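*Asks:* Structure in structure tokens, see below.
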Amino acid sequence: MMTANTEDFVIVGAKNSDANEHISKPALSFWQDAWRRLKLNKLAVISMWFLILILAFAVISNIFVPQKDANAFNSDKVGVYKNLPPNSGLPIPGWDGKIKAPGDNASTDVYESQGVPDGEKFILGTDNIGRSVAKRVTVGLRISLLVAIVATLIDLLIGVAYGVFAGWKGGWIDNTMQRIIEILSSIPNLIIVTMLGLLLGNGILSIILAIAMTGWLGMARQVRNMTLSLKERDYVLAAQSLGESSFKIAIKHLIPNMAGTIIVQVMMTVPTAIMFEAVLSAINLGVKPPTASLGSLISDAQAMLQFYPYQVLIPSAILVVVSLAFVLLGDGLRDAFDPRASED
Amino acid sequence: MTESIPKKLIELKDLQLYFNQGKANEVRAIDHVSFDIYEGEIFGLVGESGSGKTTIGRSILKLYEPTAGDILFEGKDISYLKGKQLSDFRKKAQMIFQDPQASLNGRMKVRDIIAEGIDVNKLATSKSDRDQKVQKLLDLVGLNKDHATRYPHEFSGGQRQRIGIARALAVDPKFIIADEPISALDVSIQAQVVNLMKELQKRHSLTYLFIAHDLSMVKYISDRIGVMHWGKLLEIGSADAVYNHPLHPYTKSLLSAIPVPDPEVEKARQHIDYDTHIETDGKERTMIEVNEGHFVLATAEEAAEYKAQQI
Amino acid sequence: MMSNPILKVENLHVNFNTYAGTVQAIRDVSFDLNKGETLAIVGESGSGKSVTTKTLMGLNAKNAVIPENSRLIFKDRNLLDLKEEEWQSVRGNEIAMIFQDPMTSLDPTMKIGMQIAEPLIKHRHIKKEAALTRALELMKGVGIPNAEEHINDYPHQWSGGMRQRAVVAIALAADPEILIADEPTTALDVTIQAQILTLMKKLQQETESSIIFITHDLGVVAGMADRVAVMYAGKIVEYGTVDEIFFNPQHPYTWGLLNSMPTTDTQVGTLEAIPGTPPDLLEPPKGDAFAARNVYALGIDSKQEPPFFKVSETHFAATWLLDERAPKVIPPVQIQKRWAHWLEMQGQEAY
Ligand SMILES: Nc1ncnc2c1ncn2[C@@H]1O[C@H](COP(=O)(O)OP(=O)(O)OP(=O)(O)O)[C@@H](O)[C@H]1O
Ligand SMILES: Nc1ncnc2c1ncn2[C@@H]1O[C@H](COP(=O)(O)OP(=O)(O)OP(=O)(O)O)[C@@H](O)[C@H]1O
Ligand SMILES: [Mg+2]
Ligand SMILES: [Mg+2]
């Protein structure tokens, strides 16, 4: 009570609404807020950048590693180029073009013994007919990602449309649609795949369809459940009482509010699809040779696992790392979309 | 209540609404309810949680299909409205919700939330016209223009409720159902919202159905009050009559439960328990007019008794 | 009433670190709690009531920062120095809490009888059988009809009012010295609220525990409290006995709160709301935080924070209006009526 002048003790009254309704937090949309929270999760961010790079690589590699290039081999020189181990050109053990056959004591320089011209190196080695594993894997990754992503997108479209429709309509329509899902999910996936294989031949298209046909059920179920709970929300009732059409309500209110969950589901579906494709390859329902996918590379090479482990390990490692990145990113997104996870 | 003969805006005629009809878990949410709402009045509907207040409000907006009985809006049965008539009705009757958090879509900017009705009914000629209209509505409910680009979660409960009011007003309605618009708010903010609603009612000559479980605010805002319990309307009358001269034991019990901001009154307060027996004994009861415009659900003997008890 | 306090809160500050900056949720709160009394803390949403009580229970969010000089003295020790294990023996035992939402504080997968018995088993080391017998008594005590039949029910089988009774029973099970009730009835309708409040008063008389009662409803405060502290924007702005706060309020914010509730004789059109919204605690305003919404604000309010002015031995208010240099203001009619009543009461006591 030291420095008050008399005008300080005059009534000035309340301030206007600009002052007393002021919000000082920066305006943040749901997406910005989720992004902010995602950034706190280092593992998810690394996974995200890794996946962006992988996807970019898969797309751009079309230019310098065309499919034909990776499939082609010189039938006269199979003996020279086959089963060469990875060679970085540097004296790194296990990555110097030498391999130790089971039972041998010393490793042999395969490049020398098979008479590969000097200076020619295969950074990831070659397969049993002399094709570069690096090229095969690049193409395989491309095909695997293509299959998985397209299948997931189809899942997404069918699943969301089906789920929203069933949940929104409710009643007997919902009941019937639920029964259909139950029936479909009781058919073993492999039967569907085999049937489709018979129908369409086992090309990429039939694999994509096979994966999509079995994958959308989960998405549809989840979307339907969310729709059931969201449609009771007051903002949906408000939109209805304003005369908004059902289609607009789905687009404006329902789907945006489940987008977070859908995205997480997608992130989890992609690795499942990649794995499923690999399983199909393992039982010869996968892509047709000479086309490669990560799965077909693994299953083709596994017979020789003892002798040429790198031919299995390289595509397997890529498969695992890519799948893991999707799962980690999905996990991070789940936390980022869930406002209860953090109060700050 | 300015004209000599008030016009009926809403008429409920022997309305019944059962959930899960015929199943084991059947709920008689509305059980033979009839009342009218006059143009320009505020009709308060009170009763404990689960008594069927929300269900009545939503039936009037055609969000639920009644099991039996009719709802008339401006003399027309709303169950037959179609096409243009239906979209006109949608503009005329609007709703304000209880939970200010759940009633706003968190993915939309405040501007788009408020403009939803404008967009649906194509009430704006251009984007700038739309913005202007939103601006006016924000002003009306005491918010600023920099609130238009923010998202609902950034606001306090009272602010959110005002956004909901602005959304309802955007289509220039005649009739508003306010379903417990203040139950989730602080007492000080309740007064703000109630005053705003009263002011808007005068300015835009609106009619309200004001739903609440707390009689004190309802008494303050309403012209007439209906008291509900277990899907039945037990008492109806002018706000003053119901509040100061209650007839039905349930109303008396409800009134005795209201806390008053006065320690002396509170020390003396006795809570009257309600004996639900008189609703379950299976006797035939009808709405009986005990005093002019003041009805109670009772048998003839009970009605006489209630009248005698009244001072 | 001037007995020795069992709990002393001194210079409590609580800050929250968030991405947008530091939220100063509690900005210097001090109060005492006496044995056997009910202290009500009232204030608007966001004023810091729940943060205060969570701090008392050691349950604050991870991003909370409490500065060194804040002290919570209970039984000669500063609760803020306790380790988590030490807290466990205080929480639910010496200090218990009733939360606002009964559903979130009950475990949906555990039988209610067992939930009531648990604190006894944990803190009092009573055998399970005996604890369940005591739980049954407590259920009867809080007025659950046919308690025997319901002891093995799960929470979802009960109505909101019944659940809140169960929560009260759990809080009372260990016979705590301090009971903190954070808006225990806000989610309930008035009829059930009346039952729960009557119950709490009855049980308090039996056990002589102290209650900190948090609410925004002055009607409830009038019926429950011995003393009242009014909070605004993370500070206590006025405190006194219940009669002093209701009949001789001095802070314009208290006036505003009292005015915004209809009383039995409120006439249509006389309900006066406090305009605007409480300040954002990311950037607490300079001076008196209430100034922006205060029709009686003085020039000094936006420059310097008011100190507590003493109104009586038990009654203090932080408003520059009580400074001797301040002009005399005429409060709203409703408040004038309350003052008039106060003078009457004082007069009577003088005889
Ligand atoms: N969609 C529904 N399906 C089944 N029962 C319902 C449904 N909606 C409401 N009910 C039941 O109908 C009864 C009346 O509910 P209503 O929501 O109208 O009550 P209310 O008076 O608005 O209560 P509150 O004060 O809690 O909002 C309740 O018993 C409720 O459980
Ligand atoms: N973990 C946290 N992180 C950041 N801010 C927080 C956190 N917890 C509380 N706050 C802020 O602290 C302030 C006080 O919150 P508090 O929950 O104590 O309010 P209250 O008085 O209990 O209100 P209500 O009546 O709504 O329960 C609010 O502005 C709130 O946003
Ligand atoms: Mg309701
Ligand atoms: Mg709180």
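The values are calculated or read from the model by the stated rules, or taken from the named source; none is laboratory data. Note that the coordinates shown come from a computational prediction; the quantities given were computed from them, not determined experimentally. Quick reminder, even Gly has a Cβ in these numbers, built from the backbone with ideal geometry, and neighbours come from all protein chains shown. The accessibility values were calculated without ligands, DNA or RNA, using every heavy atom of the protein model including side chains. Shrake-Rupley method; radii C 1.70, N 1.55, O 1.52, S 1.80 Å.
*Asks:* Please work out how much accessible surface B:H204 shows to a 1.4 Å probe, ignoring ligands, DNA and RNA, in Å² rounded to 10.
*Replies:* Ignoring ligands and nucleic acids, B:H204 comes out at about 70 Å².
*Asks:* Give the interface area between chains A and B as buried accessible surface, both sides summed, probe 1.4 Å, in Å² to the nearest 100.
*Replies:* 2700 Å²
*Asks:* Averaged over its residues, how many other protein chain Cβ atoms are within 10 Å of peptide B:187-200's Cβ atoms?
*Replies:* Average neighbour count from other chains, rounded to a whole number: 6.
*Asks:* Can I ask one more? When only DSSP loop residues count, what trypsin sites (Lys or Arg not before Pro) in segment B:50-93 have their Cβ near at most 12 other Cβ atoms within 10 Å?
*Replies:* B:K82
*Asks:* Between the helical axis of A:309-337 and the dominant principal axis of chain A, each derived from Cα atoms, what acute angle in degrees is found, rounded to the nearest 10?
*Replies:* 0 degrees
*Asks:* Can I ask one more? B:I258: net charge of surrounding residues, Cβ under 12 Å, Lys/Arg +1, Asp/Glu -1, itself excluded?
*Replies:* Here the charged neighbours net out to -2.
*Asks:* Follow-up. Looking at segment C:5-225, what % of its DSSP beta bridges pair antiparallel, to the nearest 5?
*Replies:* Counting only bridges with both partners in segment C:5-225, antiparallel ones make up about 55 percent.
*Asks:* Which percent, to the nearest 5, of DSSP beta bridges fully inside segment B:8-309 are antiparallel?
*Replies:* Antiparallel bridges: around 60 percent, rounded to the nearest 5.
*Asks:* First check a/c for segment C:230-350, with a ≥ b ≥ c the square roots of the eigenvalues of its C-alpha gyration tensor; if it is under 1.5, answer rounded, and if not, answer prolate when a/b is larger than b/c or oblate otherwise.
*Replies:* oblate
*Asks:* Counting heavy atoms of the protein chains only and a 1.4 Å probe, report the per residue accessible area for chain B as a whole number of Å².
*Replies:* Averaged over the residues of chain B, the accessible area is 41 Å².
*Asks:* Identify, among C:V329, C:I112, C:Y253, the residue whose Cα sits farthest towards the positive end of the charge dipole of chain C, taking +1 on the Cβ of Lys and Arg and -1 on the Cβ of Asp and Glu, with the dipole about the Cα centre.
*Replies:* C:I112
*Asks:* To test your reading of the geometry: what angle, between 0 and 90 degrees and rounded to tens, separates the Cα axis of helix C:190-207 from the longest principal axis of chain C?
*Replies:* 80 degrees
*Asks:* Next question, about the same structure. On a C-alpha basis, how far is the centre of segment A:278-344 from the centre of segment B:201-260 in Å? Whole number, if you could?
*Replies:* If you average the Cα positions of each part, the centres end up 66 Å apart.
*Asks:* Also: Across peptide B:44-50, what mean number of C-beta atoms from other chains lies inside 10 Å of a residue's C-beta?
*Replies:* Partner Cβ neighbours, averaged per residue: 3.
*Asks:* Among the trypsin sites (Lys or Arg not before Pro) in segment A:105-208, which ones are in a DSSP loop with at most 16 other Cβ atoms within 10 Å of the Cβ? Mind listing them?
*Replies:* Counting only loop positions with at most 16 other Cβ atoms within 10 Å, the trypsin sites (Lys or Arg not before Pro) in segment A:105-208 are A:K121.
*Asks:* Quantify how strongly other chains surround peptide C:252-261 by giving the mean number of their Cβ atoms within 10 Å of each of its Cβ atoms.
*Replies:* Partner-chain Cβ atoms within 10 Å, mean over residues of C:252-261: 4.
*Asks:* Continuing with this model, one more query. With +1 on the Cβ of every Lys and Arg and -1 on the Cβ of every Asp and Glu, and nothing else charged, how large is the dipole of segment B:77-163 about its Cα centre, in debye rounded to the nearest 20?
*Replies:* That gives a dipole near 220 debye.
*Asks:* In the protein assembly as shown, if the dipole is taken from +1 on Lys/Arg beta carbons and -1 on Asp/Glu beta carbons about the Cα centre, which of A:P93, C:Q193, C:G219 is farthest to the positive end?
*Replies:* A:P93
*Asks:* For segment B:8-309, state the average projected area of the convex hull of the C-alpha atoms over all orientations, rounded to one decimal in nm².
*Replies:* It is 17.8 nm².
*Asks:* Put +1 on the Cβ of each Lys and Arg and -1 on the Cβ of each Asp and Glu in the protein assembly as shown; which of B:S222, A:I208, A:S75 then has its Cα farthest toward the positive end of the dipole?
*Replies:* A:S75
*Asks:* Got a sec? What order do C:V228, C:V333, B:V27 fall in by accessible area at 1.4 Å, biggest, i.e. largest, first?
*Replies:* Largest accessible area first, the list is C:V333, B:V27, C:V228.
*Asks:* For the interface of B with C, what's the total buried accessible surface in square angstrom, probe 1.4 angstrom, rounded to the nearest hundred?
*Replies:* Counting protein atoms only, the buried area is about 3000 Å².
*Asks:* Please figure out what share of the DSSP beta bridges in the protein assembly as shown is antiparallel and state it in percent, rounded to the nearest 5.
*Replies:* 60 percent
*Asks:* For chain B, the longest stretch holding no GluC sites (Glu not before Pro) located in a DSSP loop with at most 12 other Cβ atoms within 10 Å is which?
*Replies:* The segment B:27-283 is the longest one with no such site.
*Asks:* To the nearest 10 degrees, how steeply does helix A:42-64 sit against the main Cα axis of chain A, on a 0 to 90 scale?
*Replies:* So the inclination is approximately 50 degrees.
*Asks:* Chains C and A: buried accessible surface, both sides, probe 1.4 Å, rounded to 100 Å²?
*Replies:* Approximately 2300 Å², summed over both chains.
*Asks:* Dipole of segment B:8-309, Cα-centred, from +1 at each Lys and Arg C-beta and -1 at each Asp and Glu C-beta, to the nearest 20 debye?
*Replies:* My answer is approximately 1680 debye.
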